[in-house]
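Below: one structure, written as structure tokens.
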Amino acid sequence: MTTSPQAQEQAAHQLSQAINRRMSKPIQQMQDMLADAKKVGVIAHVHPDADAIGAASAMVMALVQRGISAVASYGESDLPAKSLLTIPGWERFVEYTDLDEDIDTWVTVDCASPGRLGALEDRVMASDRVINVDHHATNTRFGSVNMIDELAESSTMVLLDFFGVWGIKLTTPMAHALYAGLLTDTASFQFGRSRMHTAAARLLDKGLDPRTIGAQLLEEHPFAYLPFLGTVLSTATLVPEWGDGAGLIHVVIEYDQTAEVGHDEIESVVDIVRTTNAADVCAVLKEYEPGQWAVSLRSRELVDVSQVALEIGGGGHERAAGLTRECSKDELLQAILDTSDVAAQARRGTSEA
């Protein structure tokens, strides 16, 4: 049985009204702050993903549509994954060192804590005009205005709802940027509520090609990816007793193993490891620079990995979380193994909810 476009639109409208009621205070606060903004810096988190780039790009487009000067950036010099350069709006990003001094308002997107702002943390946090847009339950509410919707599937979904209230005309490039964040943060619509499908349909109706976007973001790798996978997957280790029997699989990607591959290839490893059913949780340790590590945590169903990440300085969602740390491989691995009791408690908390 199919529903008519009119019925779909009505359902979407009713859901939007419910969201607007729940988020009415931060929505109004965000509108008020942007009403007198002269120049806005939109900041994505370091090691940006499609949700961060998509949200920042869409936010800049919306601000420009409202006649507000805006530019996007993030607090590190490295380019993001090549796949992210296909997201419309990338051309509005500038090197963080080139941001104008007269920016009077900041919008951070998909940043759960100030530390995710990287080299821009001090500059942004010195301002009393910071709008914090995010969907992470572990967000530290560091903004002057905190537009945090923990029920949203992506930060682009938070913006899609806000744009509807703010009177933004949804253009095809804007829809593409928003869709990119939604597609990737839901693992191709595997995780989330039914509203993500309604939102996706609305975005696709702007003339998007889902097959092309999906291929660009998720399915294009060089030949070097294959031997790279063989090398890093050979480090996979199973710790069945971790988390009171929930189990942990950890994989290590060291810096000298990444010379022939890019960010896309490194970030895709966790999606392969998480398919293993021998443990509930997987951890992929990624050394992007010597001694500079990022960790991706994923849970199949038992453990709330956001609590595990919080214990060692990170954050995220119940099923997907992460952290960054400067340390040795052995120190990082031990820190993760030492969260076994936290994972056990997070497992019990999940099962009792």
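The values are calculated or read from the model by the stated rules, or taken from the named source; none is laboratory data. What you see is a predicted model; the values in this text were computed from it and never measured. Please note: Cβ atoms are built from the backbone with ideal geometry, for glycine as well, and neighbour counts cover all protein chains shown.
Some points to look at:
- Qualifying residue in the stretch 285-297 (condition: in contact with a strand residue (DSSP E or B) (Cβ under 8 Å, 6 or more places away or on another chain), buried (at least 20 other Cβ atoms within 10 Å of the Cβ) and either in a loop (DSSP other than H, G, I, E, B) or without any contact (Cβ under 8 Å) to a residue 24 or more places away in the chain (or both)): no
- Of all the criteria given as (1) surrounded by fewer than 22 Cβ atoms within 10 Å (Cβ to Cβ); (2) assigned to a strand (DSSP E or B), the one not satisfied by Ala321 is (1).
- Residues (assigned to a loop (DSSP other than H, G, I, E, B) and surrounded by fewer than 16 Cβ atoms within 10 Å (Cβ to Cβ)) located in the stretch 156-175: Gly167, Lys169
- Contacts under 9 angstrom Cβ, first residue in the stretch 322-343 being without any contact (Cβ under 8 Å) to a residue 60 or more places away in the chain, partner of a type in the set (Lys, Arg) and outside any helix (DSSP H, G or I), 6 or more apart: Glu331/Arg325; Leu332/Arg325; Ala335/Arg325
- Of the listed requirements (1) in a loop (DSSP other than H, G, I, E, B); (2) surrounded by 22 or more Cβ atoms within 10 Å (Cβ to Cβ); (3) touching a strand residue (DSSP E or B) at 6+ places or on another chain (Cβ under 9 Å); (4) not β-branched (Val, Ile, Thr), Glu153 misses just one: (3).
- Cross-chain or 6+ apart pairs with Cβ under 9 Å, the stretch 27-46 first and in a strand (DSSP E or B), then surrounded by fewer than 19 Cβ atoms within 10 Å (Cβ to Cβ) and among the basic types (Lys, Arg): Gly41/Arg123; Val42/Arg92
- Residue that is in contact with a helix residue (DSSP H, G or I) (Cβ under 8 Å, 6 or more places away or on another chain) and either at positive phi or at pLDDT 95 or above (or both), where the choices are His263, His250: His250
- Residue in the stretch 179-186 that is polar (S, T, N, Q), in the same structural domain as Ala58 (by TED's automatic domain parsing) and within 23 Å of Ala35 (Cβ to Cβ) present: no
- Taking the criterion of being under 22 Å from the mean Cα position of the chain (by Cα), surrounded by fewer than 14 Cβ atoms within 10 Å (Cβ to Cβ) and touching a residue at least 60 places away in the same chain (Cβ under 8 Å), the residues of the stretch 190-249 that qualify are Ala201, Glu220.
- From the list Leu120, Leu63, Leu85, the one residue that fits, being in a helix (DSSP H, G or I) and more than 26 Å from Ile27 (Cα to Cα), is Leu85.
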